[in-house]
């Protein structure tokens, strides 16, 4: 059976199973390429395929492209691109795997976040990194055959391209096809964001095949985004450099946001305050428990997320507001911390996509963490426009947690009178909240209130640290 037939069987198997862990094989077992769980849509790539093994990404290269890739890796042409992390590093000693001519393990596998979950400044950084990679390759008469957005991964600090086997010889036709993907998922979306249509850009980019087409921006001044399909290879670099300059010049200004200065104007870390209590309890849990990953839901600009990152944890800072995520990203870049900022609505987390939702797993799977923080969020979910109850909030928090959660209860006195729900009189209390959380976690402790009346609910195994 040839490799293409094996891939078809693997896709059918994916549709019958529950998730990627069913396909993981121990490191000392030979890899059976017919049972691999491929990353994203790589099951159909005729040249090279990213796949999962022990929760890490590997790259399998098919004949006859393997000889070109092997020679390229040993030619040192790509050494600077690996050193600058424009390309993810590889173990360059190829493994022997039936179905592939060569297999390489990526030197690291980051948390997977998708392009339509990035903030505008992250989107711009991603675009510029990818354009820089195109330019550097073009200097050697090379280009990318498949610059799919799901192959550009954010590792907590910067964006890197994960498939060196997508590199091919540069010609005008190949570049035209490749540039269309670059424009559809990176350049044109930024142009929509620049003109106040960020929501439209995100929804269009959820379309895995089309992204943002030229038709979608025809009402905008976009001549600089268009590549002449009859252009010569010699014009590729000047064209891309001009595109990069235009992207750099975009303001990407967000509308005024009342929460943007929340930690600067409202945060009081004095003794006995709820802000200080959250820091103290978070520090205690991280010091005493075996926690490697933290997800901060409703992270705002990432104050507590950065605290966890400073304590050496893998941290995801999620908020529904792209402007806040932009600030979290900028702060992280300036502090040189490793942190994953994500645009995420707690009430509408990114769903799975593809056959059986396995090509692109949902946010609840990709972002699941040992500890979930839910500070100053639950009361906004109960009141205002969302109107959730405690059971919905508790089940939502647990959907992201593999073990523990630290949730804040904000009393009635802190709720705007105009937003109060009369039906909440009978159930809006810390005891009822703890009861709902207790249906999803083995044990819930209600801590004593801070000076402002806010209380923390510590959820997890019995005997956990506080």
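Within 29 Å of residue 314 (Cβ to Cβ), in a loop (DSSP other than H, G, I, E, B) and modelled with pLDDT of 95 or more: which single residue out of 129, 124, 85 fits that description?
Among 129, 124, 85, only 85 is within 29 Å of residue 314 (Cβ to Cβ), in a loop (DSSP other than H, G, I, E, B) and modelled with pLDDT of 95 or more.
Anything in region 226-250 that is in contact with a helix residue (DSSP H, G or I) (Cβ under 8 Å, 6 or more places away or on another chain) and either at pLDDT 95 or above or on the phi > 0 side of the Ramachandran plot (or both)? List them, or say none.
Once the filter is applied, which keeps residues that are in contact with a helix residue (DSSP H, G or I) (Cβ under 8 Å, 6 or more places away or on another chain) and either at pLDDT 95 or above or on the phi > 0 side of the Ramachandran plot (or both), region 226-250 yields 236, 237, 240, 241, 242, 243, 244, 246, 247, 248, 250.
With respect to residue 326, is the statement that it is under 19 Å from residue 381 (Cα atoms) and in contact (Cβ under 8 Å) with a residue 60 or more places away in the chain true?
No, not satisfied.
Identify all residues within region 277-289 that are without any contact (Cβ under 8 Å) to a residue 60 or more places away in the chain and either outside any helix (DSSP H, G or I) or within 15 Å of residue 376 (Cα to Cα) (or both); write none if there are none.
279
Among the residues of region 151-175, write down those that are touching a helix residue (DSSP H, G or I) at 6+ places or on another chain (Cβ under 8 Å), farther than 21 Å from residue 92 by Cα and part of a helix (DSSP H, G or I).
Correct list: 172, 175.
Identify, please: which residue in region 354-376 is crowded, with 22+ Cβ neighbours inside 10 Å and touching a strand residue (DSSP E or B) at 6+ places or on another chain (Cβ under 6 Å) and is, among those, farthest from residue 273 (Cα to Cα)?
My answer is 367.
State yes or no: is residue 447 modelled with pLDDT of 95 or more and over 31 Å from the mean Cα position of the chain (by Cα)?
Yes.
So, residue 238, is that one closer than 20 Å to residue 147 by Cβ, without any contact (Cβ under 8 Å) to a residue 40 or more places away in the chain and exposed (fewer than 14 other Cβ atoms within 10 Å of the Cβ) or not? Even if it seems obvious, please write down each step before you answer.
Details: closer than 20 Å to residue 147 by Cβ: yes; without any contact (Cβ under 8 Å) to a residue 40 or more places away in the chain: yes; exposed (fewer than 14 other Cβ atoms within 10 Å of the Cβ): yes.
Yes, satisfied.
Quick check: is even one residue across region 315-322 under 18 Å from residue 459 (Cβ atoms) and not in a strand (DSSP E or B)?
There is no residue in region 315-322 that is under 18 Å from residue 459 (Cβ atoms) and not in a strand (DSSP E or B).
Go over the candidates 298, 302 one by one and state the one that is touching a helix residue (DSSP H, G or I) at 6+ places or on another chain (Cβ under 6 Å), surrounded by 22 or more Cβ atoms within 10 Å (Cβ to Cβ) and on the phi > 0 side of the Ramachandran plot.
302
Taking strands (runs of 3 or more DSSP E) that do not extend beyond region 348-466, which have at least 1 residues that are closer than 30 Å to residue 202 by Cα?
Counting at least 1 such residues, we get 369-374, 401-409.
The values are calculated or read from the model by the stated rules, or taken from the named source; none is laboratory data. Since we're looking at a predicted model, the values are computed, not measured. All Cβ positions, even for glycine, are placed from backbone atoms using ideal geometry, and neighbour counts span all protein chains on display.
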